[in-house]
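S.K.: Have a look at the structure that comes next, please.
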Amino acid sequence: MGLPIPYRTRIDLQPSGAYVMTNADRPQFVGRGAQISPANRYQSIHVEDVFDQVEHDAEYLQQRQRVRTEYYVDDSQSIISKNDSPDIPFRYSLNAYRGCSHGCAYCYARPTHEYLGLSAGLDFETKIFVKPRAAELLQQFLARPGWQAQPIMMSGVTDCYQPAEKQFRLTRQCLEVAWATRQPITIVTKNAWITRDIDILTNMASQRLISVAISLTSLDQSLTRVLEPRTSAPEARLKAIAQLRSAGVPVAAMLAPLIPGLNDEELGPLLAAASEHGAQWANYTLVRLPLTVRPIFLDWLAQHAPTKRERVEQRIRAMRQGKLNDANFGSRLRGTGFMSEQIEQIFQLLAKKYGLDRPLPELDCTHFIPPVQPGGQMSLF
């Protein structure tokens, strides 16, 4: 006889699309940042699990806690996205994966999974879409007659060194294309797995074709283990900074996100540690809670930091004009108001103290070599 399944109910969404908790005693998913699946705003019906019939079935509940990551082929016909946001420091980005099994509870990219008919919650971190032609598509893009080399950001949406990269190696393949064509690349990651590619990164650094930002949120692994459960430990990220710098790769520390009331008190220790391990520059962004990220993060606070939830929420509102999110260019990354200004001032003082107040050197776009086009025909121009 098979395992019992939870009774599934159909719940019509309210006009606001608000997520309604139906069972406060739901089993927790092990190693996952999201413990709920907010309603997809593009669908009129939401299915929610109710556990009344299985609440005493320990075996089933224990098995349900562990959800494996599934991979799907994404047959995209293009790989480069163009960005025109005035407060984002890159115009072009490359994402070889959709979804991210790092499982960061605060990830602003979660709602992108809703375009696929999936949930921003557990689906985002367990159903990963892989673009197997990523390197080929990058080469095709770089071969376009009108392309004038400028830096391309890897990880503009999801982390290019998430666990899927160990299996599919798409990031490395794209770096191989970039190195062969001398195409400048910038990378931001919170995974020490980037050091696997230190050979290519060293070569690119020798011609000023690469810069890397390592994302740091906390030095407390007991916090990062539940806040961003499948990322590298803080010490591993710091060691990655040191390894990259020893190889001559320019490295910045990105304190992202800064969550007031939760990790903002670590500004000093984080910057000190980053500087000690060789980081050359630092920056930060304030936590963003758009759309369905909001209920996921608030649920995370209730589960893992209940005594801090009210304080965190109040401070976010104080920096978001009374709201939990601000989508406006210019203020969405740093916030507004007295508390925002205070954090900015403290950050600038500490960055200067630890020698992290000078931006990384600009990348050199003059070495670009157009790739050979399909069929072996090289461009005349």
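S.K.: Would you mention how many residues in the stretch 268-280 are in contact with a helix residue (DSSP H, G or I) (Cβ under 8 Å, 6 or more places away or on another chain) and closer than 9 Å to Thr217 by Cα?
M.R.: Matching residues across the stretch 268-280 total 0.
S.K.: Could you run through the stretch 116-148 and say how many residues are in contact with a Leu (Cβ under 8 Å, 6 or more places away or on another chain) and farther than 22 Å from Gln77 by Cβ?
M.R.: 2
S.K.: Would you check which residues across the stretch 132-157 are touching a strand residue (DSSP E or B) at 6+ places or on another chain (Cβ under 8 Å), in a loop (DSSP other than H, G, I, E, B) and surrounded by fewer than 23 Cβ atoms within 10 Å (Cβ to Cβ) and list them?
M.R.: Result: Pro132, Gln150, Pro151, Gly156, Val157.
S.K.: Against the condition of a type in the set (Ser, Thr, Tyr), modelled with pLDDT of 95 or more and surrounded by fewer than 22 Cβ atoms within 10 Å (Cβ to Cβ), how does Ser232 come out, does it pass?
M.R.: no
S.K.: Within the set of pairs 6 or more residues apart or between chains, which connect a residue that is at pLDDT below 95 inside the stretch 303-331 to a residue that is part of a helix (DSSP H, G or I) and buried (at least 16 other Cβ atoms within 10 Å of the Cβ) with Cβ atoms less than 9 Å apart?
M.R.: Gln303/Val226
S.K.: Shifting gears a bit: Which of (1) touching a residue at least 12 places away in the same chain (Cβ under 8 Å); (2) more than 30 Å from Gln139 (Cα to Cα) is the odd one out, the single condition Pro359 does not satisfy?
M.R.: (2)
S.K.: In this structure, does Ile296 turn out to be in contact (Cβ under 8 Å) with a residue 24 or more places away in the chain, closer than 28 Å to Ser85 by Cα and either surrounded by fewer than 17 Cβ atoms within 10 Å (Cβ to Cβ) or not assigned by TED's automatic domain parsing to the domain that holds Arg110 (or both)?
M.R.: no
S.K.: While we're looking at this one, here's another question. As an exercise: evaluate Glu125 against (1) outside any loop (DSSP other than H, G, I, E, B); (2) under 21 Å from Trp193 (Cα atoms); (3) over 15 Å from the mean Cα position of the chain (by Cα) and give the number of the one condition it does not meet.
M.R.: Status for Glu125: all satisfied but (3).
Residue by residue, here is whether (1) farther than 30 Å from Pro234 by Cα; (2) acidic (Asp, Glu) holds:
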residue	(1), (2)
Glu114	yes, yes
Phe124	no, no
Pro145	yes, no
Thr158	no, no
Cys174	no, no
Val177	yes, no
Thr186	no, no
Lys190	no, no
Leu201	no, no
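S.K.: Please enumerate the residues belonging to the stretch 170-203 that are within 18 Å of the chain's Cα centre (by Cα) and either in a loop (DSSP other than H, G, I, E, B) or outside the structural domain of Thr112 (by TED's automatic domain parsing) (or both).
M.R.: Those that are within 18 Å of the chain's Cα centre (by Cα) and either in a loop (DSSP other than H, G, I, E, B) or outside the structural domain of Thr112 (by TED's automatic domain parsing) (or both): Lys190, Asn191.
S.K.: So, one more: Is it true that some residue in the stretch 237-252 is assigned by TED's automatic domain parsing to the domain that holds Met339, within 29 Å of Val312 (Cα to Cα), not small (Gly, Ala, Ser) and not in a helix (DSSP H, G or I)?
M.R.: No; the residues of the stretch 237-252 include none that is assigned by TED's automatic domain parsing to the domain that holds Met339, within 29 Å of Val312 (Cα to Cα), not small (Gly, Ala, Ser) and not in a helix (DSSP H, G or I).
S.K.: Could you list, in sequence order, all residues of the stretch 336-353 that are aromatic (Phe, Trp, Tyr) and either buried (at least 17 other Cβ atoms within 10 Å of the Cβ) or touching a residue at least 24 places away in the same chain (Cβ under 8 Å) (or both)?
M.R.: Phe347
The values are calculated or read from the model by the stated rules, or taken from the named source; none is laboratory data. What you see is a predicted model, and the numbers here were worked out from it, not measured in a lab. Note that we place each Cβ from the backbone using ideal geometry, even for glycine, and neighbour counts take in every protein chain shown.
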